[in-house]
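Student: Below is a structure I'd like to ask you about.
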Amino acid sequence: MKPILLQGHERSITQIKYNREGDLLFTVAKDPIVNVWYSVNGERLGTYMGHTGAVWCVDADWDTKHVLTGSADNSCRLWDCETGKQLALLKTNSAVRTCGFDFGGNIIMFSTDKQMGYQCFSGEVLVNVKEHSRQINDIQLSRDMTMFVTASKDNTAKLFDSTTLEHQKTFRTERPVNSAALSPNYDHVLPFGL
């Protein structure tokens with residue numbers, strides 16, 4: 001397998017995300033640029049322009065009609081995937097760190113710096129797994145939700161079983177890993193960093 005080098009950002013990658021079909025790959029970084037690429041050959045299809053700060057997160061809805069992004073410019077933006085047109089702008093009081101669609105694509109969620117750290121529910125910790133030696137930057141589920149991959153400042157991406165939390169495999173890099181994604185179509189893990 002030959003690696004594909006994607007060059008479309010001026011600063012380090014903050015998150016990468018496949019669409020459900022696995023034919024598109026979305027990248028965001030510590031710059032205001034949101035890119036979409038063909039995953040098979042690395043060809044850049046387009047750029048979503050509008051953010052004025054670092055973009056922390058990206059998600060595509062179930063049928064890849066819409067793209068959602070969150071940024072340090074205190075906004076969450078909804079885009080038409082095909083045209084790149086901004087459809088909605090949600091202003092927040094602090095940076096948007098995470099964002100996503102529900103399965104139907106009708107509901108969005110996002111969290112901001114001021115919201116982070118609050119528990120959604122209370123309960124006891126059932127399992128505590130410590131496989132990384134430094135901060136975890138990103139966690140993404142596989143399409144079938146049987147596995148997830150973590151990206152860490154310890155220069156690794158790690159694959160886990162979603163049910164047992166058993167560590168399956170480690171992918172080592174020379175630099176901190178900001179984001180990692182699991183291909184929905186192939187047995188590929190994509191770690192991205194500085």
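The values are calculated or read from the model by the stated rules, or taken from the named source; none is laboratory data. Because the structure is predicted, anything quoted here is derived from the model rather than measured. All Cβ positions, even for glycine, are placed from backbone atoms using ideal geometry, and neighbour counts span all protein chains on display.
Student: For the structure I just gave you, tell me whether LEU5 is farther than 13 Å from SER183 by Cβ and at pLDDT 90 or above.
Tutor: On the way: farther than 13 Å from SER183 by Cβ: yes; at pLDDT 90 or above: no.
Criteria not met by LEU5.
Student: Need a quick list: strands (runs of 3 or more DSSP E) entirely within region 1-97 having at least 2 residues that are crowded, with 19+ Cβ neighbours inside 10 Å.
Tutor: Working: elements: 13-18, 24-29, 34-38, 44-48, 55-60, 66-71, 75-80, 86-91.
Where strands (runs of 3 or more DSSP E) fall fully within region 1-97 and carry at least 2 residues being crowded, with 19+ Cβ neighbours inside 10 Å, they are 13-18, 24-29, 34-38, 55-60, 66-71, 75-80.
Student: Still on this structure, I have one more. Quick one: in region 156-194, of everything that is of a type in the set (Phe, Trp, Tyr) and at pLDDT below 85, which residue is farthest from PHE26 (Cα to Cα)?
Tutor: TYR186
Student: Only one of these is over 25 Å from ASP144 (Cα atoms), polar (S, T, N, Q) and in contact with a Pro (Cβ under 7 Å, 6 or more places away or on another chain): THR47, THR52. Name it.
Tutor: On the way: THR47 fails: in contact with a Pro (Cβ under 7 Å, 6 or more places away or on another chain).
Selected residue: THR52, the only one of THR47, THR52 that is over 25 Å from ASP144 (Cα atoms), polar (S, T, N, Q) and in contact with a Pro (Cβ under 7 Å, 6 or more places away or on another chain).
Student: Name the residues in region 80-98 that are modelled with pLDDT of 90 or more and polar (S, T, N, Q), would you?
Tutor: THR83, GLN86
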